[in-house]
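Asker: Before we start, here is the structure in question, set down as structure tokens.
The values are calculated or read from the model by the stated rules, or taken from the named source; none is laboratory data. Since this is a predicted model, take the numbers as computed values, not measurements. Cβ placement follows ideal geometry from the backbone for every residue including glycine, while neighbour counts extend to all protein chains displayed.
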Amino acid sequence: MIQRLLEQNRELSGWRINETATASYELFFVHRKLETVRATDTVSTSVTVYVDHDGKKGDSVFTVSAAMTEADVKQKIETAVRRAKLVFNEPYELPEGGEESAELPSNMKDRDPKELGRQIADAVFAADTVPGGSINACEIFLYRDTARVINSRGIDKTQQKHWVMIEAIPTFTEGAESVELYEDHRFTDFDAAKVTAEIARRMAEARDRFTAKKPKVPMEINVLLRPHEITELLSELADDLNYQSAYMHANLHKIGDDLQENGDGDKLTVTMKAQVPGSEASASFDADGAAFTDTSVIRDGVAAANFGSSRFGQYLGVEKPTGNLPCIRAEAGTLTDADMKKAPYLDCASLSGLQLDLYNDYIGGEIRLAYYFDGEKTVPVTGISMSGKLSAALAALRLSDRMVTEGAYEGPQYLLLKGMTVL
């Protein structure tokens with residue numbers, strides 16, 4: 001119905017329909033007791049209309065619900081057309097042609113959700129072994145997402161993915177005081193041992209956060225970032241090379257710029273990718289239905305390429321835009337565990353968020369939990385913050401020689417920032 005009504009509207013120059021069908025099986029625990037089990041089956045549909053007018057292209061988006069009648073949808077289209085005429089974007093073409101049906105790799109796609117949910121829960125609670133610790137709450141969501149993109153230029157693409165999200169509250173209590181942490185763990189391949197290890201790590205961090213003390217500050221010290229913060233840092237550098245940033249002159253770096261100028265550390269090689277093994281962010285095409293082309297945006301520390309959507313790629317005259325690539329890979333470095341221990345360091349387990357400002361040459365953040373290695377022993381610390389010059393940090397950074405995968409990131413387990421100021 002939606003497609004027919006869109007094709008009947010003579011004022012439209014193009015349209016796109018994005019539909020996502022989600023089937024879920026959900027388990028809710030309080031401590032170890034299963035309180036609720038729920039199964040859902042939902043469909044969300046959004047429609048984007050495009051109107052060429054006055055030498056420009058306008059667009060407007062609206063959602064469609066199952067309760068809408070044909071008259072309701074027709075009215076939505078007419079309203080969206082009026083709104084699109086108030087938008088004055090430079091002209092561009094929607095991605096053209098192509099039918100595709102893809103299924104992202106997963107070892108869970110043929111599993112019975114009830115049995116799989118029980119096994120995941122067993123893996124989570126197998127980590128509940130820390131004296132004084134507990135998992136106060138745990139929610140497990142098993143998803144099957146089917147995303148479809150159809151547009152007025154012949155695209156009709158569908159992709160399906162199976163993935164799991166675990167939300168848990170690891171807690172440590174002593175007397176009348178306690179510390180709670182929030183854990184959000186996602187994956188497309190179930191490995192019971194990995195789930196247990198991840199929850200166990202967070203259980204230990206809850207305990208260590210309880211006992212952590214503020215170290216003697218100020219100090220100049222090496223700081224280790226873990227995958228979550230490494231992703232934030234690399235994504236910031238990559239976003240500066242996005243087509244949209246380049247087109248709007250909002251980018252600091254251009255192709256050929258040395259991001260690690262005069263550096264003596266490990267050189268960054270960063271690739272934006274369509275898929276990373278085990279990541280629920282992986283995809284076969286973007287929201288426009290555009291095909292992906294994996295692209296190395298930084299090579300040996302030098303800005304090597306731009307990436308991004310079909311629209312902004314066209315604005316820059318790119319013959320084959322890469323698509324809005326959702327995942328990121330960094331190549332391994334040379335930092336070994338033995339190298340790390342040659343000098344004191346802070347291993348940051350939890351930050352309030354990495355603070356980055358390319359234009360003001362700043363990197364920093366509030367450290368909620370870190371492990372301070374003084375050259376001999378390691379103790380948990382808290383109540384501190386770090387800061388430094390981003391350019392100096394990039395020039396001297398070291399990357400671990402061990403690779404890990406976490407979320408949409410595939411790359412070194414640690415990134416070492418030299419000589420950060422800690423207060």
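Asker: Please go through the stretch 276-301 and pick out each residue that is modelled with pLDDT of 95 or more, in contact with a Ser or Thr (Cβ under 9 Å, 6 or more places away or on another chain) and in a strand (DSSP E or B).
Answerer: Correct list: 295, 296, 297, 298, 299.
Here is a yes/no grid of residues against (1) farther than 30 Å from residue 97 by Cα; (2) surrounded by 15 or more Cβ atoms within 10 Å (Cβ to Cβ):
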site: 149; (1), (2): no, yes
site: 171; (1), (2): yes, yes
site: 179; (1), (2): yes, yes
site: 185; (1), (2): yes, yes
site: 199; (1), (2): yes, yes
site: 203; (1), (2): yes, yes
site: 211; (1), (2): yes, no
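Asker: Farther than 30 Å from residue 180 by Cβ, modelled with pLDDT under 95 and among the basic types (Lys, Arg): which single residue out of 85, 109, 56 fits that description?
Answerer: 109
Asker: State all residues of the stretch 9-51 that are surrounded by 15 or more Cβ atoms within 10 Å (Cβ to Cβ) and without any contact (Cβ under 8 Å) to a residue 40 or more places away in the chain; if no residue qualifies, say none.
Answerer: Residue satisfying the conditions is 48 alone.
Asker: Taking the stretch 332-347 as the search range and keeping residues that are under 30 Å from the mean Cα position of the chain (by Cα) and charged (D, E, K, R), which one is nearest to residue 229 (Cα to Cα)?
Answerer: Residues of the stretch 332-347 that are under 30 Å from the mean Cα position of the chain (by Cα), as a first pass: 332-337, 339-340, 345-347.
This time we only want the ones that are charged (D, E, K, R), so: 337, 339, 347.
On the way: 337: 19, 339: 21, 347: 12 Å.
Only one residue tops the list, namely 347.
Asker: What number of residues within the stretch 342-360 are surrounded by 15 or more Cβ atoms within 10 Å (Cβ to Cβ) and of a type in the set (D, E, K, R)?
Answerer: Within the stretch 342-360, residues that are surrounded by 15 or more Cβ atoms within 10 Å (Cβ to Cβ) and of a type in the set (D, E, K, R) number 1.
Asker: Within the stretch 65-80, can you find the residues that are hydroxyl-bearing (Ser, Thr, Tyr) and at pLDDT 95 or above? Spell out how you get there, then give the answer.
Answerer: Step one: list which residues in the stretch 65-80 are hydroxyl-bearing (Ser, Thr, Tyr), which gives 65, 69, 79.
Across the stretch 65-80, the qualifying residue is only 79.
Asker: Return the only residue of 143, 92 being at pLDDT 95 or above and either crowded, with 19+ Cβ neighbours inside 10 Å or not assigned by TED's automatic domain parsing to the domain that holds residue 25 (or both).
Answerer: 143
Asker: Tell me whether the stretch 33-49 contains one or more residues that are assigned to a strand (DSSP E or B), more than 29 Å from residue 280 (Cα to Cα) and at pLDDT 95 or above.
Answerer: Filtering the stretch 33-49 for residues assigned to a strand (DSSP E or B) gives 33-49.
Filter once more, keeping what is more than 29 Å from residue 280 (Cα to Cα): none.
Taking every residue of the stretch 33-49 in turn, none turns out to be assigned to a strand (DSSP E or B), more than 29 Å from residue 280 (Cα to Cα) and at pLDDT 95 or above.
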